[in-house]
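Everything below concerns the one structure shown next.
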Amino acid sequence: MYKEDLIEQLYRSHKKFVNYIRTLSFDDYTYSHENLKWAPYQDLEHHKKVLKKLVFALSIPSFVLKLIYGKSNNLSQSYDKTLKLYQIRINDGAKSTREFLPSKTLQAHLEQDCIALISTLEKLLLKVGKLNEHDLDTILLPHPILGTITLREMLYFCKIHVEIHHEICKKNIR
């Protein structure tokens, strides 16, 4: 997927998730299915943490990232291969790491939370927009479940991730 398409797809998938969240009542927004699953506000917070981490990483000059994590000499995996790898890891029991876990204390402000997620996404997409196709395939970043992956694969993951959580939210509403 080319950079421009990826930027558009990331924006659409996150916007679709946020638009769904905005349709929820406050009770549904804060409802945790049998207290085993995250409430929608926690899913949203989780995604904001993921995106903020990427915004931070892309604030570091690419040559420094390449010094720290190396440089990929291979083409990025396809979207479908990234999806399959993530599904395998999740089916094997992979969970979110502590750094990305949402708060357990209720601090839900539906509209503010939605605005914050989209604002963070827009910051990320601006940074991605300044990079070229080659950068997406050579910059490596650590992923807690997928290992060290290219920036393009990380962006594929972000799209996959928000879509999966969107579906989970829809299933877990009473």
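The values are calculated or read from the model by the stated rules, or taken from the named source; none is laboratory data. Please read these numbers as outputs of a predicted model, since none were measured by experiment. Ideal geometry is used to build each Cβ from the backbone, glycine not excepted, and the neighbour counts take in all protein chains shown.
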**Fill in**
Subset of segment 94-124, residues modelled with pLDDT of 90 or more, loosely packed, with under 13 Cβ neighbours inside 10 Å and of a type in the set (S, T, N, Q), comes to Q112, S119
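So that you can scan it fast, the table gives a plain yes or no per residue for (1) in contact with a His (Cβ under 9 Å, 6 or more places away or on another chain); (2) at pLDDT 90 or above; (3) within 17 Å of L155 (Cβ to Cβ); (4) buried (at least 16 other Cβ atoms within 10 Å of the Cβ):
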{"site": "S13", "(1), (2), (3), (4)": "yes, yes, yes, yes"}
{"site": "D27", "(1), (2), (3), (4)": "no, no, no, no"}
{"site": "S32", "(1), (2), (3), (4)": "no, no, no, no"}
{"site": "N35", "(1), (2), (3), (4)": "no, no, no, no"}
{"site": "A39", "(1), (2), (3), (4)": "yes, no, no, yes"}
{"site": "L54", "(1), (2), (3), (4)": "no, yes, yes, yes"}
{"site": "P61", "(1), (2), (3), (4)": "no, yes, no, no"}
{"site": "G70", "(1), (2), (3), (4)": "no, yes, no, no"}
{"site": "S78", "(1), (2), (3), (4)": "no, yes, yes, no"}
**Request:** Considering (1) in a helix (DSSP H, G or I); (2) surrounded by 11 or more Cβ atoms within 10 Å (Cβ to Cβ); (3) within 21 Å of the chain's Cα centre (by Cα), say which one K66 fails and leave the rest.
**Result:** (3)
**Unique residue being outside any helix (DSSP H, G or I) and among the basic types (K, R) when the list is K37, K52** = K37
**Message:** I'm checking my understanding of the structure. Among residues of segment 125-141 that are out of contact with any strand residue (DSSP E or B) (no Cβ under 6 Å at 6 or more places or on another chain) and not in a helix (DSSP H, G or I), which one is surrounded by the most Cβ atoms within 10 Å (Cβ to Cβ)?
**Reply:** I139
**Request:** Scan segment 145-174 for residues that are in a loop (DSSP other than H, G, I, E, B) and modelled with pLDDT under 90 and jot them down.
**Result:** I145, I173, R174
**Request:** Please enumerate the residues belonging to segment 142-174 that are crowded, with 20+ Cβ neighbours inside 10 Å and either farther than 28 Å from L24 by Cβ or of a type in the set (K, R) (or both).
**Result:** I149, T150, L151, R152, E153, M154, K159
